[in-house]
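The values are calculated or read from the model by the stated rules, or taken from the named source; none is laboratory data. All figures in this text were calculated on a predicted structure; none of them were measured in a lab. In this analysis, Cβ positions are derived from the backbone assuming ideal geometry, glycine residues included, and neighbour counts consider all displayed protein chains. Quick note on the areas: whole protein, heavy atoms, side chains included, nothing else; ligands and nucleic acids left out. Shrake-Rupley method; radii C 1.70, N 1.55, O 1.52, S 1.80 Å.
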Amino acid sequence: MSEPAPTIGEAISWHARQDPEALAVRDQFGSIDRAELDAASSRYAELLIRSGVQPDDLVTLRLPNTIEFVVACVGIWKAGATPQPLSHRFSLAEQRAVVELADSRVVVGAGPGEFPGRITLPAGADTGRLAGIHPADLAARSWKAPTSSGSTGRPKNDVATAPARFAPKARVA
């Protein structure tokens, strides 16, 4: 029996060790290299774990397509959870319905009270002072859980069946 592929978090760390200064993510505001992505996502994973995220939890991401989105997404993988991106085009009522359906433990990019009964982390959450928890090499059973309106027009979760594992040298098709 073959060894399972490394977790996505391990693959990100592997790339950071291979070429730490290589560009990892760029948006309209700036860029970060692989080492910065690895370090920032580890701090984000720690924030999520301290916020109560458990392996295989769904964590909703309500952030625009920025560096912060990628850092948070990798942090979710490193915490052993599954990212669930949520479209900003949905009304707040639709967003709440998706979060309720997913039973997301944490909603990233939300303010207090926007998602009653859920832990919320605002955009730009401070992770700089965290230290002490080192994310384990965890792989959620599902690597993503995007939302879809499907044919009904009502938002629903599409939970992927593949685990959060990826061979770092593999070619992405």
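Quick notes on this one:
- Check on residue 74, assigned to a helix (DSSP H, G or I), open to solvent by less than 10 Å² (accessible area, probe 1.4 Å) and more than 19 Å from residue 115 (Cβ to Cβ): yes
- Qualifying residue in the range 27-35 (condition: touching a strand residue (DSSP E or B) at 6+ places or on another chain (Cβ under 9 Å), of a type outside the set (Gly, Ala, Ser) and modelled with pLDDT under 95): no
- In the range 2-31, the residues that are more than 19 Å from residue 141 (Cα to Cα), among the hydrophobic types (A, V, I, L, M, F, W, C) and open to solvent by 30 Å² or more (accessible area, probe 1.4 Å): 14, 23, 24, 29
- Look at (1) part of a helix (DSSP H, G or I); (2) open to solvent by 50 Å² or more (accessible area, probe 1.4 Å); (3) in contact (Cβ under 8 Å) with a residue 40 or more places away in the chain; (4) more than 19 Å from residue 157 (Cβ to Cβ) and you find that residue 44 fails only one, number (2).
- Among the residues of the range 1-58, those that are charged (D, E, K, R) and farther than 18 Å from residue 80 by Cα comprise 3, 17, 19, 21, 26, 27, 33, 34, 36.
- Residue satisfying all of: in the range 1-41; part of a helix (DSSP H, G or I) and of a type in the set (Lys, Arg); nearest to residue 69 (Cα to Cα) among these: 34
- Verdict on residue 102 being of a type in the set (A, V, I, L, M), within 15 Å of residue 121 (Cα to Cα) and crowded, with 16+ Cβ neighbours inside 10 Å: no
- The lone criterion from (1) modelled with pLDDT of 90 or more; (2) surrounded by fewer than 22 Cβ atoms within 10 Å (Cβ to Cβ); (3) under 17 Å from residue 128 (Cα atoms) left unmet by residue 50 is number (1).
- If you go through the range 105-119 and keep only what is open to solvent by 20 Å² or more (accessible area, probe 1.4 Å) and either closer than 16 Å to residue 41 by Cα or out of contact with any Ser or Thr (no Cβ under 9 Å at 6 or more places or on another chain) (or both), you end up with 116, 117.
- Of all residues in the range 125-151, those satisfying the criterion of being modelled with pLDDT of 65 or more and either among the basic types (Lys, Arg) or open to solvent by 50 Å² or more (accessible area, probe 1.4 Å) (or both) are 126, 128, 129, 137, 138, 141, 143, 144.
- Residue within the range 77-91 that is hydroxyl-bearing (Ser, Thr, Tyr), open to solvent by 40 Å² or more (accessible area, probe 1.4 Å) and at pLDDT below 95 present: yes
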